[in-house]
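Quick note: the coordinates plus some simple rules give every number you see, no bench work behind them. As the structure is a computational prediction, the values presented were derived from the model and not from experiment. Every residue, glycine as well, gets a Cβ built from its backbone with ideal geometry; the counts of neighbours run over all protein chains shown.
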Amino acid sequence: MSASTSTQEEDDLVFGRAVEAARARNPDGLLEQLMALPKGYPKKAALMAYCGGLYIERYDADASLKDLDNAITVHELAVNNAPLDGPHFTRVDYLFQAVGPLLRRAAARNDVEDVNRAIKILEEVETLTPADHLALPRRLHDLGNALVERFQAHRNLSDISEAITHQELALSFTSSDDAELSSTLNGLGLSLKLRFEASGHISDLDQSITFLEKALHISNESRPHHYLIVNNLANSLLARFHRSGHPGLLNSFTGLGSALMDSYDATGNPEDMSNAIDSQKRVIALSSAQHPNYHTFLHNLGSSLTRRYEHVQNLEDLFSSISVLQQAVELPNVVEVEQMVIFNSLGTALLLRFEALRNVADLDKAVILQRKAVETTEERDHMLPSYLYSLGHAMSLQFSFRGETQDLTDAISLYQRSIDLTAPDHANLSTRLYNYATSLYFRYFYSGALADLTECIALTRRSMHLTRYDHPSYPSRLNVLADALTARFKRTREVGDINDAVTTHKEALELTKDGHPLQAMVCSAYGNSLLTRFEFFNSVHDLTLSIQAHVLATKLTSSDNLYLAERQNRLASALLRRFSYSKDQSDLDRAISLFRQIIACDAGLKTERPAYLHNLSVALAKKYKLTNDLEVLNEAISTLGIILDETRPEQSTRTLHLHSLAKCYYKLFLRTQSEEKILRSLDLYRESAVNKSGNHLRRLISAAQWCQLARKHDPAQIIEAYSVTIKLVSETAGMGFPVETRQSLLSRIAPLASAAVSVAIQTGKLTLAVEWLEESRCIIWNQFSQLRTPLHDLRQHDPQIADRLDAVASALDLAGSRRKTLGKSEEALLTFDLESNAQAHLLQQWEELLEVVRAIPSFKGFLRPRSAFSLMSRLPENGFVVMINADQERVDGDAIVLSRECQPLHVKFDSFSFRKAENLRQRLNRIVAPVTSGVNLTLGRGVRRVHTTEFQDILHLLWLHVVKPVCDAIGLKKLPSESLADLPRIWWCGTGPFAFLPLHAAGFYRTGGTTIHDFAISSYITTISNLVDSQDVAFSKSSSSALIISQPNTPGFPPIPDTVKETELVLSRLKKVGRDVVILEGDEATTLRVLGEMQSCSWIHLACHAVQQSENPLSSAFQVHDGGITLFEIMRRRMTVPEFAFLSACETSMGDVRLPDEATHLAAGMMAAGYRSIVATMWSIQDRYGPMVADHFYDYLLDRETPESSRTPAHSAYALHYAVRHIRSVAGDTDAGLLAWVPSIQIRRALADETTKGFHQVSTSWSNFQTAVSGFPMAGGTYGQALILNDYNSILIPALKRNGNLDDLDEADILSIMRDFAPQVVGSLTALKGRKDAIYANPPDPAPDLEQFQYLVSLSRHLRTLAETYSAFQQLCRTLVPGNDGKFDDFDREFGVLSLVKSTATTFSISP
């Protein structure tokens, strides 16, 4: 190898290291490598210049002058290494790049020598730049600016004249559409003014104003130099006024003052505000009261002073503002329209002074002035929204001060009108939304309406979206949002809300530095959210930080501040919590002292007084517990009595006050043993529980206490107490919450229902026990079921009400199946809160419509819980329902046996308590729990080998203590094994741990032993309604399709090879009876394809992995090739023709131990989707037995000797029983053998029996749904359409299903439906794509309005669902009209639906 080649290779290696240093953004390392490269090495100059840029970047970060020196040196080296000419960067380009660092250092060191060097370089650049070069104007302009800098240092007229010459030359080379034109004009205008100041030539000043006015005319407000132009023009105009004294120039100054205030609004720069006020003061000083615009000058100054007070909190500004505005009001001959503007501004200033000094005269006068402005102004006047907003703010403050609810109602109405009349791009929209949200926040605390709180959160996020992050008002937006999230957490106990609240408050705190006027407010709120989180997590760190924040907040608040009492109250509350934790009495005494001080000083806000009194009563109750001083307890009772006297029945907080007073009376009873006191306590708990204005969770807590005390002290009340409790259990987990939140609430309150049922049983009220069990089980599934209830009878009575109810139910069904947001992006949070708000309003409309329907005499019981008689009268003839209750307080278990002909029968499980059942469940779980590591691949599907008899022991205990007592009580007899058809049925419905025990397999599995299989055929039901609503209608004719899913090698899961054999056997059985089969194997079984095929196949057989997610049940899923089909995805769908599902997968009916009565498993999701009969698994199954179970099952179910008309859901239970017998004969009754079949169970569900209503209802349903959704605040218009597009099969597919016999459809019917429906889909998608392209191709500044934003966010989230739904619809149509694919494709080409969906799904992105 030659020496030259070796040197080249070494240079290339050095260059490679230089590139790596550049990628790492390491200027020192990069420079070191570059210095080792020879001069002339390709790209060395470019990397040198890049290295200089990195030094500048680092200088900007840490202001080290050494980095600036290095940047200058490196740029000089780049010039020395640059080529003289070429197609890319040449020496002149690198020369121009070297100027910037020199001028930066000149400014940093005030060194004119660097300016001189820069000018010299720029002069050389000018010489070397051709006249037609695109960069020439910029280079001339920069040379002029450098000469201006030298002029300002030396005041040499030749420099400023030369600068103007170069700037004029730059202007001559700049085209009219050049983006830098306004900057060039501004620089020239400023230079001319500087020369005027030096020479006094008025022509320079006139020219300066001319160029600056042109610059302002073409400048965009979003450009950073826009407001520099405004300021420069103001100074030039002022200079000309001083020179000429012409009064007409005052109007120019006035406009410039307003422009500077606009600058402040846009940038938050306090200098802009100060400059504006200075300009406005100069205008007034130079004019007189006789000037025709004098009132305008006064008004502008007063408004600016008010604005500065709002951000600086200097009372001197506020007093000056009121004085100036009062002068303007008193001026004669002001036209009425302009006078109203002044009235409004003066009212605003007076309200601010009222907030600061609590002088009620200011409040009264402000209301008069602002009401006058509203009443005098015409509807079309552009100022009306501002007047409405101001009056709304005044009424809100009046409510806070006087506590009159009508004032708050008026305030909210005024805010709403103001926002409705405000343009989406209006500069004040953000502020109006913020104050509207705040008033809803206040109303929530008064009324307890969750809709107010959700709308408050959504509006606040919208306000924040429209507010610059660095704007002074942004921390207050953050603060209100965090306060609302804290309030929602207290209502729903949703942990994400309180964590978000603390984070948001902390962000607001970081934006309010020492001395910031909002610092005290944010500190106090931050402490409050930390305290709330401490109460939930019990983290001492949170408590310590909370108290520190509250102490600082009170120190920062002056003694005359209106909010001092609130901040002291929060500090006292935090001290009280610390006392509860540490038992340090000094904290308790200090808290009580602060509460007394607050109440004694009468803070003036009537709405806050009940809260202060309540907190004092709580502190006194704690002191009584510590000291046993009866006087202290009596004071607490007296204090709470005062609160109740001062609060109205409709106030939501009354529930809490009643609860606290009830607790105090109970304490008094324990001390005195007075019957009067315990009865008073019971009465108060009752009043708290039935107070409809209170939130459901607080009422439920009171109801639980009422029940507990009634059981001990007044059994006569116990049935009423538990009746209220059962009703509140379902209402507390209402449809206004995401599904996860409902599940979380139910996991904490479910034991109350079991206790209620136990009481009903012990008092002999078995029918009531049945009703309570039914009402308190599967609450979430029942909510979905209600929304999907057929409305045929109602539609015959009143079609209009039925259509309205159907529309709202469909919308609420979509909204109710939403999930909590998983992302923290702005669009994810905003969308989630908007959906929460929409759901709250949907629920309100749903409840109002239910009241309307129930007012119809024949519909009084519409969607109300059924009576026991109604349920029992519809039970199947040959069987029994066994409902097992699990009360944690009972030493014995209880069962209620139901049949059609007999009264309910109570079966007592002697000494088999909840705890014993739970112990049995835990033992069972240790045996059957899925293996998380070391899976035995020979067994497959996550099963462990068993070599003990413990499983047999568990089944034996179940037989002895639970199942045999039931069989004995109802007189079941053992039948020969061949008498399968003669066996009666038992439908088990267990609560608590009984829901997880294999009751269907109980027995003694030793030689000669007896098992439940000898007495009955077992199935499971989630509720009795799910059984009685299914009339054993025969399965559809054999030509309807079956879907088979086979996944022997699912990515990420162990292989289950026997699924291939299993599906082959099932396929063979189905083909023999002539049933059409769609089989998806391996990579064919994608989530999209499976869900699409499920829409058109009435049977489904799934042979795959499935996983029950214990931490998040809604994420439990069937595992197919490309991911999981989750429980959440299934439950939100309405399948078209569902009948039977065989779930040959693990854990498909396992459920969640925290929600034993909610059936949170995949089988229940299939029931919700419409499947009438389901074979599922309680835990993991062995792969090798899967084919055997399936083959024998279908052998019996599809036996040609069994008429098709008798193949009903019941028949599938007999088929499973038949299959189990064969497995037992092969596997035996060892533990391992039992585990081969025991996991498999049969579950029944309801069958809707709605009468045909006609295919023309499809379009009507869509229209009704659109109309319903568009009527909801914050969820209307285009956003409503996006919600519909999210899952439009919720309208179309159920409509097809309800329309009756699908076999009656012909090709013309189907194409008619599609032609009605498709244009709306196409139109909506096209509009969405068009708006997306228009809005985000060139993002505007400020951001687009909220409706556009949420519209696009919704589409982005739901396009996948839309695409897969269309695919399912396409498959349905092709299935109904086989052999007409060509016609369908013609149709698709005509409307372009599928292609549009696909293209939208692949190209859409959102980055606001």
- Of 1090, 1161, 1068, whose Cα points farthest to the positive end of the dipole of segment 1060-1171 (charges on the beta-carbon: +1 Lys, Arg; -1 Asp, Glu; origin at the Cα centre)? 1068
- One checks the Cα atoms of segment 143-227 and finds Rg and Dmax, in Å, of 12.6, 36
- Message: Please report the projected area of segment 504-579's Cα convex hull averaged over all directions, in nm².
- Response: 4.7
- Item | Extension gain from residue 600 to residue 1084, taking 0.36 nm per residue of separation minus the Cα-Cα distance | 166.7 nm
- With label points set 7 Å from each Cα along the Cα-to-Cβ direction at residue 61 and residue 445, the distance between them in nm comes to 4.5
- Item | Distant-in-sequence amide H partners of residue 1077 (H built 1.01 Å from N, under 5 Å) | 1042
- Item | Extension reserve of the residue 503-residue 109 stretch, reckoned as 0.36 nm per residue once the Cα distance is removed | 137.7 nm
- Of the listed pairs 513/555; 667/712; 765/908; 916/974, which have alpha-carbon separations greater than 20 Å here? 916/974
- Query: What span do the alpha-carbon atoms of segment 695-764 cover on each of the three principal axes, reported in whole Å from largest to smallest?
  - Reply: 38, 22, 15
- Modelled FRET efficiency - R0 45 Å, residue 23 with residue 359, Cβ distances, 0.05 increments: 0.10
- Message: Pairs of alpha-carbon atoms within less than 8 angstrom and 6+ residues apart define the contacts here; what relative contact order does segment 491-594 have, in percent?
- Response: 20
- Rg to Rh quotient for segment 324-467, alpha carbon positions, Kirkwood Rh: 0.98
- Task: Work out the length of the dipole vector of segment 158-223 about its Cα centre, built from +1 on the beta-carbon of each Lys and Arg and -1 on the beta-carbon of each Asp and Glu, and round it to the nearest 20 debye.
- Result: 100
- Task: Rounded to the nearest Å, what's the spacing between the alpha carbon centres of segment 98-127 and segment 403-450? Just the number, please.
- Result: 56
- Task: Provide, in order from the shortest bin, the percent of all Cα-Cα pairs of segment 639-728 in each 10 Å bin, continuing until the bin that contains the maximum pair distance.
- Result: 20, 51, 27, 2
- Message: Taking the Kirkwood radius as the inverse of the mean 1/r across Cα pairs, report the Rg/Rh of segment 675-725.
- Response: 0.95
- Calculate the length of the line joining the C-alpha centroid of segment 531-606 to that of segment 850-870, in whole Å. 49
- Note on the structure: Taking Cα pairs closer than 8 Å and at least 6 residues apart, the relative contact order of segment 20-64 in percent is 40
- Label-to-label distance, nm, for residues given as residue 381 and residue 157 (7 Å Cα→Cβ offset): 5.6
- Would you compute the Debye intensity of segment 291-333 from its alpha-carbon atoms alone, equal scatterers and no solvent, and pass along log10 I(q)/I(0) at q = 0.20, 0.22 Å⁻¹ to two decimals? -0.55, -0.63
- Task: Could you tell me the convex hull volume per residue, in Å³, taken over the Cα atoms of segment 20-75?
- Result: 68
- Percent of all Cα-Cα pairs per 5 Å bin for segment 1064-1181, counting from 0 up to the last occupied bin, reads 2, 12, 22, 26, 21, 11, 4, 2, 0
- Considering every Cα-Cα pair within segment 588-692, what fraction, in whole percent, is farther apart than 25 Å? 19
- Message: Based on C-alpha coordinates, I'd like the Rg and Dmax of segment 1-141, in Å.
- Response: 16.4, 56
- Take the alpha carbon atoms of segment 419-483, find their radius of gyration, then divide it by 2.2 N^0.38 Å using N residues; give the quotient. 1.09
- Spherically averaged projected area in nm², based on the convex hull that wraps the Cα atoms of segment 840-916: 8.6
- Task: Sort 496-507, 430-441 for me by packing, meaning the mean count of neighbouring Cβ atoms within 10 Å per residue, highest on top.
- Result: 430-441, 496-507
- Message: At 7 Å along Cα-to-Cβ for each site, give me the label-to-label distance between residue 982 and residue 1007 in nm.
- Response: 2.8
